[in-house]
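The values are calculated or read from the model by the stated rules, or taken from the named source; none is laboratory data. What you see is a predicted model; the values in this text were computed from it and never measured. Glycine gets a Cβ as well: all are built from the backbone with ideal geometry, and neighbour counts include every protein chain shown. Ligands, DNA and RNA are stripped out before the accessible areas are found, and what is left, the full protein with its side chains, is counted by its heavy atoms. Shrake-Rupley method; radii C 1.70, N 1.55, O 1.52, S 1.80 Å.
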Amino acid sequence: LFALSLLTLTTLKAEEEVAPKERPDIAKISESFGHMIAQNLESLGLEFDMDSVLIGLRNSIDGKKSPLSDEETVAAITQIQEDSFQKKSDLNLIDAEEFLATNAQKDAVVTVDDGKLQYEIEKEGTGEIVQAHFNPLITYKGTFIDGKEFGASKEPEALNLDETIPGFSKGIIGMKEGEKRRLFIHPELGYGTQGFLPPNSLLIFDIEVVKANAPQTEETLSSADS
């Protein structure tokens, strides 16, 4: 083992003599590391006082005591995050209900499910009709009220209606092949305060049904079994 280590060191030294490595630019690395820290701070969803953050970094390096313990800091951040999440959730719910109330006044919009789901037919279809428990082949694009896109299909996808959010499956049932429809889904029939999207977001989906009931693939079946 010693001989192998010695051989390795000798080889590395020889390679360095042939092609010496550039010395790392500590200033550049340090600045980049600062960017990484800032990005991680932003991901916490808090508006930190950056001057105080820099003071904390310096004081920690100098061995000075933190004004809060690690446990107290984590607890305080968690509380602020929970308060912020609840505030955003409440505001999004108000926006969703106001949007649906206004949208319901449009002649082309159909309101169902106690006003929690609305749809607008943008193109009539002529083929087979999507029924409950079907696996329609569709294309879709999902956006928020402000038009920001959060998801879209790159090509037609088979969807198991029993495994998607209620507003999506209820909005597709009854569509014909070739039909294009825009769905407006209240948070209660969407993701609510769960999932990866902002809490209580109203969801808008542009959908086209390519095939009313596509055959299940092995991938779809294994997904359903799990």
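Remark: the D49-I129 segment gains 23.1 nm on full extension, using 0.36 nm per residue and subtracting the alpha carbon distance.
With only Lys, Arg, Asp and Glu charged, each at its Cβ (+1 for the first two, -1 for the last two), find how big the charge dipole of the chain is about the Cα centre; round to the nearest 20 debye.
320
For the listed peptides 175-184, 25-34, a ranking on the average number of other beta carbons within 10 Å per residue, highest first, reads 175-184, 25-34. Taking 19 Å as the limit for the C-alpha separation, the pairs K106/K148; K148/K211; K123/K176 exceed it in the case of K106/K148; K148/K211.
Summed over the residues of the chain and divided among them, the accessible surface reaches 70 Å² per residue at a probe radius of 1.4 Å. Counting protein heavy atoms only, the chain has 55 percent of its accessible area on carbon and sulfur, 1.4 angstrom probe.
Shown in residue order for the range 116-124 are the 3J(HN,Hα) couplings computed by the Karplus curve 6.51 cos²θ - 1.76 cosθ + 1.60 at θ = phi - 60°: 7, 9, 10, 8, 9, 7, 9, 8, 6 Hz (x for Gly and Pro).
Here the Karplus curve 6.51 cos²θ - 1.76 cosθ + 1.60, taken at θ = phi - 60°, turns the phi angles of the range 193-199 into couplings of 9, 9, x, 9, 7, x, x Hz, with x standing for Gly and Pro. Computed FRET efficiency, Cβ-Cβ of E188 and D107, R0 35 Å: what is it to the nearest 0.05? For R0 = 35 Å, the calculated efficiency reads 0.90. As a rough guide to protection, the peptides 43-49, 108-114 ranked by mean Cβ packing within 10 Å, highest first, stand as 108-114, 43-49.
Show which aspartates and glutamates lie in cross-link reach of K180 when reach means a straight Cα distance below 19 angstrom and same-chain residues fewer than eight apart are skipped. Those aspartates and glutamates meeting the cut-off are D107, E120, E122, E124, E128, E149, E155, E157, D206, E208. Cross-link reach is defined here as a Cα-Cα straight distance under 13 Å, omitting same-chain residues fewer than 8 places apart; for K116 the aspartates and glutamates meeting it are E97, E98, E188. Using the Cβ-Cβ distance between A38 and E163 with R0 = 45 Å, the FRET efficiency computed as 1/(1 + (r/R0)^6) comes to roughly 0.70.
Full extension of the chain between T139 and E120 gives 5.2 nm of extra length, using 0.36 nm per residue less the Cα-Cα distance.
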